[in-house]
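What follows is a set of notes on a single structure, which appears directly below.
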Amino acid sequence: MEQLVYSKPESIKDDFKISFCPGCDHGIAAKLVAEVLDELNVREKTIGIASVGCSVFSYDFFNVDIVESPHGRSLAVATGVKRSKPDKVVFTYQGDGDLASIGIGETIHSMTRGEKVTAICINNTTYGMTGGQAGPTTLLGQITTTTTKGRDPEIAGYPIKICELLKELEGTAFVARVSVDTPAAIMNAKKCIKKAFEAQLKGLGTGFVEILATCPTNWKMTPQEAHERVRNEMAQVFKPGIYKDKVSEAE
Amino acid sequence: MGRIVLNRDRCKACYLCMDACPNKVLEADTTVNALGYYPVKVNSEKQCVGCAMCAKVCPDIAIEKVYR
Ligand SMILES: Cc1ncc(C[n+]2csc(CCOP(=O)(O)OP(=O)(O)O)c2C)c(N)n1
Ligand code: SF4
């Protein structure tokens with residue numbers, strides 16, 4: 001007898017529209033979040049916060065209620081939603097420009113307060129939606145439309161290491177950096193996203209996962225070349241791993 | 001023995017699934033889909049094992065179901 005071993009998660013709409021470019025890791029990351037919501041059986045009580053960036057169309061595919069936030073304010077919006085509806089599961093889905101540049105104040109303060117929410121950050125070392133400008137995570141030497149000779153630390157400073165920063169905040173309960181460049185990495189990423197939701201569900205504090213992701217369009221690479229760059233360049237600077245895990249400690 | 005359900009009109013031709021498939025069951029089609037891409041198609045001469053690796057890596061959920 002033939003058995004169903006994979007099907008589209010229920011937390012993705014039946015008539016979903018995915019507006020990401022071909023081969024963009026955003027699609028893999030968003031699907032993992034949906035799979036985790038299914039597995040935790042929380043879809044019907046989940047409220048997502050969409051950010052500004054390529055993730056802005058989250059309401060086109062996530063099969064949950066979505067609030068659209070102004071650029072960078074997702075974690076402030078998440079704070080308001082969670083405090084007014086504490087029985088809901090609340091998550092943000094943000095680019096690294098949104099979370100670590102314009103929104104870094106909201107990020108640091110919400111996580112210092114230990115808001116019981118989950119934040120997922122797509123780190124693609126650029127501002128994807130607006131056409132590939134340098135962002136907070138742009139690597140030294142990386143050519144973008146605003147660092148045409150490569151990022152020079154004398155002019156543009158250094159890339160922010162998001163997990164290393166957020167693990168120091170007392171309100172964070174789970175902090176991890178993952179990639180989605182291979183099937184094995186995807187399975188590991190899903191485990192970490194699940195823990196970031198468990199941190200919220202167990203009331204331990206903020207759960208956070210940074211996903212090293214591609215932007216093939218603005219990097220001007222094929223999706224395959226872009227995954228090579230994740231491995232050979234990004235993961236060398238932004239080391240994947242679990243930086244903080246109060247979820248396992250509490251078990 | 002396995003089988004995938006592929007929605008060819010959702011495929012944007014990134015071909016990440018081709019690299020993920022252990023048996024090289026997927027290949028590029030020669031006609032375009034509704035989005036204007038050359039989507040993947042199943043090579044019926046190759047044997048799908050139903051591992052779902054293609055579905056895991058697909059950013060567009062073009063592979064909707066996998067059976068084993
Ligand atoms: C207040 C405000 N400032 C600037 C913009 C322009 N803007 C739109 S998306 C974006 C950057 C998005 O980059 P990121 O958060 O890294 O997400 P990605 O698109 O790479 O997924 C910017 C600066 C805006 N919409 N609102
Ligand atoms: S611009 Fe970059 S990050 Fe945005 S959807 Fe396209 S590839 Fe993905």
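Annotation: of all residues in region B:14-32 being more than 14 Å from every other protein chain (Cβ to nearest Cβ) and charged (D, E, K, R), the one that is surrounded by the fewest Cβ atoms within 10 Å (Cβ to Cβ) is B:Lys24.
No other residue among A:Thr125, A:Thr130, A:Thr146 is polar (S, T, N, Q) and surrounded by 23 or more Cβ atoms within 10 Å (Cβ to Cβ) apart from A:Thr125.
Does B:Ala55 satisfy the criteria of being facing chain A (nearest Cβ under 8 Å) and under 10 Å from the mean Cα position of the chain (by Cα)? So B:Ala55 fits the description; yes.
Residue check: is A:Ala78 within 21 Å of A:Ile162 (Cα to Cα) and away from ligand 1 (no atom under 15 Å from the Cβ)? For A:Ala78, the condition - within 21 Å of A:Ile162 (Cα to Cα) and away from ligand 1 (no atom under 15 Å from the Cβ) - is met. Contact map, region A:42-54: residues that are within 14 Å of chain B (Cβ to nearest Cβ) and over 18 Å from A:Pro9 (Cβ atoms) paired with residues that are at pLDDT 95 or above and within 16 Å of ligand 2 (Cβ to nearest atom), Cβ distance under 7 Å, separation 6+ or inter-chain. Pairs shown: A:Cys54/A:Phe20; A:Cys54/A:His26; A:Cys54/A:Gly95; A:Cys54/A:Gly128; A:Cys54/A:Met129. Taking the conditions (1) within 14 Å of chain B (Cβ to nearest Cβ); (2) within 16 Å of ligand 1 (Cβ to nearest atom) in turn, A:Asn63 satisfies each one other than (2). Given the condition over 22 Å from A:Glu10 (Cβ atoms), among the polar types (S, T, N, Q) and without any contact (Cβ under 8 Å) to a residue 12 or more places away in the chain, answer yes or no: does some residue in region B:46-64 qualify? Looking through region B:46-64, none of the residues is over 22 Å from A:Glu10 (Cβ atoms), among the polar types (S, T, N, Q) and without any contact (Cβ under 8 Å) to a residue 12 or more places away in the chain. Of all residue pairs spaced 6 or more apart or on separate chains, those with beta-carbon atoms under 6 Å, a first member in region A:122-133 that is closer than 19 Å to A:Val237 by Cβ and a second member that is more than 6 Å from ligand 1 (Cβ to nearest atom) and assigned to a strand (DSSP E or B) are A:Ile122/A:Ile211; A:Asn123/A:Glu210; A:Asn123/A:Leu212; A:Tyr127/A:Gln133. Inspection of region A:13-32 finds no residue satisfying the criterion of being touching a strand residue (DSSP E or B) at 6+ places or on another chain (Cβ under 6 Å), closer than 17 Å to A:Phe91 by Cα, surrounded by fewer than 16 Cβ atoms within 10 Å (Cβ to Cβ) and at pLDDT 95 or above. Picking from residues in region B:36-52 that are facing chain A (nearest Cβ under 9 Å) and of a type outside the set (Phe, Trp, Tyr), the one that is farthest from B:Met1 (Cα to Cα) is B:Ala52.
Residues in region A:80-117 that are among the hydroxyl-bearing types (Ser, Thr, Tyr), closer than 16 Å to A:Thr46 by Cβ and in contact with an Asp or Glu (Cβ under 9 Å, 6 or more places away or on another chain): A:Thr92 only. All conditions in (1) in contact (Cβ under 8 Å) with a residue 12 or more places away in the chain; (2) within 16 Å of ligand 1 (Cβ to nearest atom); (3) within 16 Å of the chain's Cα centre (by Cα) hold for A:Gly27, with the sole exception of (1).
The values are calculated or read from the model by the stated rules, or taken from the named source; none is laboratory data. Everything numeric here is computed off the predicted structure, so don't read it as measured data. All Cβ positions, even for glycine, are placed from backbone atoms using ideal geometry, and neighbour counts span all protein chains on display.
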